[in-house]
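Report on the structure given below.
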Amino acid sequence: MADNLLALPTDLPVPQDDGACGHLRGMQLPALNLLSTSGATVDLAQQGNPWVVVYCYPRTGQPGQELPGGADAWNAIPGARGCSPQSCAYRDHYSELQALGATVYGLSTQDSDYQKEAVQRLELPFPLLSDAQLEFAHALRLPTFSFAGLDLIKRLTLIIRAGKIEEVFYPVFPSDSDAGHVVAWLTAHQGK
């Protein structure tokens, strides 16, 4: 039986910055259509409010279902655990992010049907995007890892304006602190 997906264990290994996102700041996004849990396709290169926040996460679990490879093995991967708490933090900070002019998306390699369950269960007020074919991840050379036969994106957050990556948070740890850091960054960069 899966453990509580919303609680972060206190003994999780801390991910280290391996430099895998060093090339992203200042990069223009490629024109790619990603399937959204809203049913529409989204081209992040064409989005802007003026800000777009995309938090990339490995995969959400589902209540009552064992994680592929087992919870102990998943928890041992630095930065892997915490996708639901990260999404909930973005949900809880959503009105602040909107007030700062940000459009929010979560992105993973899970298919859109799987992601829809998380949107409903976690009551997310924003859509999740599916990069099931890893087109976005490969185009941006995002850091990935393989686990239990799955190719997954390491946890990172992109702040985008007019199709250009302005800031990257990587590694993100603990996962539930990410939305607060993004709010602080956007607040400091208003009017710039």
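Any chance you could run the full-extension gain for Leu6 through Ala148? It's 0.36 nm times the residue separation minus the Cα-Cα distance, nm to one decimal.
On the way: separation 142, 0.36 × 142 = 51.12 nm, distance 2.17 nm.
Between Leu6 and Ala148, full extension yields 48.9 nm more.
Please work out the Cα convex hull volume for the chain and give it in Å³ per residue.
It comes to 109 Å³ per residue, whole-number rounded.
Can you tell me, using C-alpha contacts under 8 Å and at least 6 residues apart, the relative contact order of the chain as a whole percent? Walk me through the intermediate numbers first.
Details: 369 pairs, mean separation 62.2, N = 192.
Contact order relative to length: 32 percent.
Taking 0.36 nm per intervening residue step and subtracting the Cα-Cα distance, what contour gain separates Glu135 from Glu96 on full extension? Walk me through the numbers on the way to the answer.
Numbers: separation 39, 0.36 × 39 = 14.04 nm, distance 3.05 nm.
Taking Glu135 through Glu96 to full extension adds about 11.0 nm, to one decimal.
How large is log10 I(q)/I(0) at q = 0.16, 0.17, 0.19, 0.25 Å⁻¹ when the Debye formula is applied to the Cα atoms of segment 121-188, each weighted equally and without solvent?
One equal scatterer on each Cα of segment 121-188 leads to -0.71, -0.80, -1.00, -1.38.
Taking the chain as the reference, fit the longest principal axis to its C-alpha atoms, fit the long axis of helix 178-188 to the helix C-alpha atoms, and give the angle between the two in degrees, 0 to 90, nearest 10.
On a 0 to 90 degree scale, this one is about 10.
Which lysines, on any chain, are close to Lys164 with Cα under 16 Å apart, when same-chain ones fewer than 8 places away are left out?
Lys192
To check you understand DSSP bridge types, tell me what percent of the beta bridges within the chain (both residues inside) are antiparallel, rounded to 5.
Working: 20 of 29 bridges.
The antiparallel fraction comes to roughly 70 percent.
Run lengths n ≥ 4 of DSSP H only: what is the helix-derived mean residue ellipticity at 222 nm for the chain, with -39500 (n - 2.57) per run over all residues, to the nearest 500?
On the way: 6 runs with 48 residues, N = 192.
The per-residue figure over the chain is -6500 deg cm²/dmol.
For segment 10-52, what class follows from the C-alpha gyration tensor (a ≥ b ≥ c being the square roots of its eigenvalues): rounded when a/c is under 1.5, otherwise prolate if a/b is larger than b/c, else oblate?
Note, shape of segment 10-52 comes out oblate.
Laboratory data are not the source of any read-out in this text; all were calculated from the coordinates shown. Quick caveat: nothing in here was measured; it's all calculated off a predicted structure.
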